[in-house]
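The values are calculated or read from the model by the stated rules, or taken from the named source; none is laboratory data. All values reported here derive from a predicted model rather than from experimental measurement. Cβ: placed from backbone, ideal geometry, glycine included. Neighbour counts: every protein chain shown. Calculation scope for accessible area: heavy atoms of the full protein, side chains included, ligands and nucleic acids excluded. Shrake-Rupley method; radii C 1.70, N 1.55, O 1.52, S 1.80 Å.
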Amino acid sequence: TATIADTWGELSAINDPAAGPISAIYPNPCTSQLNVTFFEDLNEIEKVEIYNIIGEVVQSVEGFRSQQITINTADLTNGVYIIAVHNKQGVQTSKFVKE
């Protein structure tokens, strides 16, 4: 049997966007840039990674303390990507599309 780690609390938190550090990701789909906004009280973001559909890290952003970042997506090929935001509590992921 598989065991799933309880990273953000109750399993019902999966459907609750307030359960992780990401407040908004836009525009989705994106073309040349992706904006990521974090909740104000979660300012301890360690890094943001973008994974392609086969799980390879294609971009990583570190060293920021702002509530919003803009990620350059112009060099990414069109398709579906996963953005992973790492903080001291764990990792929150979300999907976005690059057109």
Heavy atoms of K88: accessible area, 1.4 Å probe, square angstrom to 10: 140
Most to least packed among 28-34, 56-62 [average Cβ atoms within 10 Å]: 28-34, 56-62
Segment 24-64: mean projected area of Cα convex hull, nm²: 3.6
Orientation-averaged projected area, Cα convex hull of segment 28-95 (nm²): 4.4
Full-extension gain in nm, E99 to S66, via 0.36 nm per residue minus C-alpha separation: 9.2 nm
